1. As an exercise: evaluate residue 234 against (1) crowded, with 17+ Cβ neighbours inside 10 Å; (2) at pLDDT below 95 and give the number of the one condition it does not meet.
2. Scan the range 51-64 and report the pairs whose first residue is assigned by TED's automatic domain parsing to the domain that holds residue 288 and modelled with pLDDT under 90 and whose second residue is assigned to a helix (DSSP H, G or I) and surrounded by fewer than 19 Cβ atoms within 10 Å (Cβ to Cβ), with Cβ atoms within less than 7 Å and a gap of 6+ or a chain change.
3. Out of everything in the range 417-455 that is over 17 Å from residue 251 (Cβ atoms) and modelled with pLDDT under 95, what residue ends up being surrounded by the fewest Cβ atoms within 10 Å (Cβ to Cβ)?
4. If you check 321, 315, 280, 298, which single one turns out to be assigned to a strand (DSSP E or B), at negative phi and modelled with pLDDT of 95 or more?
5. What number goes with the only condition from (1) closer than 26 Å to residue 442 by Cα; (2) in contact with a strand residue (DSSP E or B) (Cβ under 6 Å, 6 or more places away or on another chain); (3) at pLDDT below 95 that residue 365 does not pass?
6. Can you tell me which of 257, 181 is closer than 30 Å to residue 314 by Cβ and within 23 Å of the chain's Cα centre (by Cα)?
7. In the range 374-405, how many residues are in contact with a helix residue (DSSP H, G or I) (Cβ under 7 Å, 6 or more places away or on another chain) and part of a strand (DSSP E or B)?
């Protein structure tokens, strides 16, 4: 017996009605699993580093039903990266951080997926029958996988350039020609009927599995919400209610720090003091066509001194050089809580309170709305990222691969939200972002580069 109703329009967009948020989240999960059964399940096992074990090394081509990607997905390569970045354990850690309200919602979301699997087993690839009950840590790992993966994708050209022996250069539009996002808000003074307006188009690549969005209408105890999110997410990434709406675009940020190290038997020096890398081997299983499993070793390597994982290595003459990646936002796992409070906000003040949680590791957020109560209209631009606290240099400096043997390059702590870009009710009457710099969010620019931290 469910405590929600699920209806579909002619475009297969679900509408879920229920008395509480957990009820509606259960229905939303059921709808996602019914619409995208194999994409959803593949995303969840990928975040556990178990896609190759479940499905084999390669997804096959789109007509075979597991993927939308034209060349398919190498699940073994995906599992290696997930293990390299310890994503599954990050899901466990994030689950432990959830407050009671989010615990109920994520548990209900899992129940919706598991119920759909039970009631419609024919919609799922038969290999997913070997996957047990979907649990909250699995869902949280998927959320972490998306957020970390987006940031690694932005820096992918830097990784390639380092492996080729060159210095990373600033990204250009050609590096991301197949992806992008844009949004704009118009204040009441610039709209024909005096209402604030929001328009957005995330247009992530249609043929990338983990970038698949799902649209939904939610009615919770008579309150309506419309929005979209990534398949497998128990909450909205872009949303509007009766009072306000917000949208996100991928931002130009440097929350990741890259370090180069030279080691000797896993020992290295920072300012002359000796430290050691920590290695943990993992045997990744891969399903073969005969039903047996091959085993592939992947070593997860961590530097406690840098709070960073080893991402790559190269040989330069007689010297082995390692490339490490640090992510300052890694310990902070309440992204869903912040997004829920942003979705539920009924005024700019309550929306800003949600933003102060500083749990959103990326995205430009554009807001338009009228406050409940006094009916005042507002628009806002804000820039969300989680870079470490940096007291020197420029954004371009921190984009480079840093000398990991110097403590002055190793940043700790987190830049506070108050130090990031945010501005409301511009004199121009509009804000926009198309993955460009915050300095061009409106004209004239409301930001002075001297007022903002490096990176």
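The values are calculated or read from the model by the stated rules, or taken from the named source; none is laboratory data. Since the model is a prediction, treat every value here as computed from it, not as a measurement. Cβ coordinates were reconstructed from backbone atoms using ideal geometry, including for glycine residues, and neighbour counts include every protein chain displayed.
1. (2)
2. none
3. Among those that are over 17 Å from residue 251 (Cβ atoms) and modelled with pLDDT under 95, it is 450.
4. 280
5. (3)
6. Checking each option against the conditions leaves just 257.
7. 8
Each row is one residue, and each column tells you yes or no for (1) under 28 Å from residue 37 (Cα atoms); (2) out of contact with any strand residue (DSSP E or B) (no Cβ under 7 Å at 6 or more places or on another chain); (3) part of a helix (DSSP H, G or I).
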{"position": "129", "(1), (2), (3)": "yes, yes, yes"}
{"position": "137", "(1), (2), (3)": "yes, yes, yes"}
{"position": "152", "(1), (2), (3)": "yes, yes, yes"}
{"position": "157", "(1), (2), (3)": "no, yes, yes"}
{"position": "160", "(1), (2), (3)": "no, yes, yes"}
{"position": "168", "(1), (2), (3)": "no, no, no"}
{"position": "200", "(1), (2), (3)": "yes, no, no"}
